[in-house]
1. Of the conditions (1) out of contact with any helix residue (DSSP H, G or I) (no Cβ under 6 Å at 6 or more places or on another chain); (2) crowded, with 17+ Cβ neighbours inside 10 Å; (3) over 26 Å from residue 16 (Cα atoms), residue 102 clears all except one; give me its number.
2. For residues in region 127-161 being in contact (Cβ under 8 Å) with a residue 24 or more places away in the chain and among the polar types (S, T, N, Q), which is surrounded by the most Cβ atoms within 10 Å (Cβ to Cβ)?
3. Just to verify a result, which residue in region 70-86, among those that are of a type in the set (D, E, K, R) and part of a strand (DSSP E or B), is farthest from residue 43 (Cα to Cα)?
4. Considering each residue of region 87-109, count those that are farther than 14 Å from residue 44 by Cβ and either part of a loop (DSSP other than H, G, I, E, B) or of a type outside the set (Lys, Arg) (or both), and give that number.
5. How many residues are out of contact with any Ser or Thr (no Cβ under 6 Å at 6 or more places or on another chain) and either within 14 Å of residue 168 (Cβ to Cβ) or assigned to a strand (DSSP E or B) (or both) when one looks only at region 110-130?
Amino acid sequence: MFTGLIETVGRVEDATGGDAGMRLHVRTALADEMRPGESLAVNGVCLTVVTAEAGTVRADLGPETVRRTTLGSLRAGHPVNLERALRADGRVGGHFVQGHVDGTTELRRIRAEGDARWLTFRLDETLAAYVIVKGSIAVDGVSLTVAALRDDEFDVMIVPFTWTGTNLRLTQPGDRVNVECDMVGKYVARAAEIAQVEK
C-alpha cells in the first residue's frame, strides 16, 4: 500500500528483457534504506525489491506487468517516480494507492496557470466508470485530484511542489503514463455490476 506522495525521482540504470519479463535496475538514494522483499512503487507500479546495494535497486517484472504498464518501455536514463510502501504507523497524506495499475493513458495537453500546470489525459472507456470529478487518481504513482472530466478525457492540476518533485515535469504530449483509479470507486462499481446481474 502506498500514498501517491513521491519520495524521490530515481533513474533507470538498466532494463533488460522483453515481453516474457524484465529485470530493472534503478539508481536511487533509497537503495541504502531498503532490503530484499520490500515493496517499492516505480511510476506507480508495486514491485518487489530483489537486491538493494551500491545505490541501486533491482526488481523483476513479470509478463503481466510488462503488458499492462509503461515499465516495459523503460530504458537506461529514464527518470522514474519512487515511493516506499506505507508504514502502518505513518500518515496518509495523499490517498490509498495499491500499486496495481488499471491501465495506461496518454497525455494530451499541458497548459500553465500561474505557477501551476493543467495536464489533460485521455480517458479510456474501460476506466470511465471509476473516475469522478474531485475523486482521487494516481498518474505514474502521483496522488492527484480529478479537476475536470469530459467524455474522453480528464484534467488534473499540478502544483509547483509536485511539478518539480516528480517526473511529470518531463512528460510531453503523446507520452504514455500509468493510471490507477481510486480503489473505493472500483469496489462500488463492481458491487453495482453484480447487483444488476442478480436482478
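1. Failed condition: (3).
2. The qualifying residue surrounded by the most Cβ atoms within 10 Å (Cβ to Cβ) is 143.
3. This residue is 84.
4. Our first condition is that a residue be farther than 14 Å from residue 44 by Cβ; within region 87-109, this holds for 87-93, 106-109.
Those still in the list that are either part of a loop (DSSP other than H, G, I, E, B) or of a type outside the set (Lys, Arg) (or both) too: 87-93, 106-107.
Within region 87-109, residues that are farther than 14 Å from residue 44 by Cβ and either part of a loop (DSSP other than H, G, I, E, B) or of a type outside the set (Lys, Arg) (or both) number 9.
5. Qualifying residue count for the region: 9.
Per-residue answers, yes or no, for (1) modelled with pLDDT under 95; (2) surrounded by fewer than 18 Cβ atoms within 10 Å (Cβ to Cβ); (3) not polar (S, T, N, Q):
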| position | (1), (2), (3) |
| --- | --- |
| 56 | no, yes, no |
| 59 | no, no, yes |
| 62 | no, yes, yes |
| 65 | no, no, no |
| 71 | no, no, yes |
| 97 | yes, no, yes |
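The values are calculated or read from the model by the stated rules, or taken from the named source; none is laboratory data. Since the structure is predicted, the reported quantities are computational estimates derived from the model, not experimental observations. Quick reminder, even Gly has a Cβ in these numbers, built from the backbone with ideal geometry, and neighbours come from all protein chains shown.
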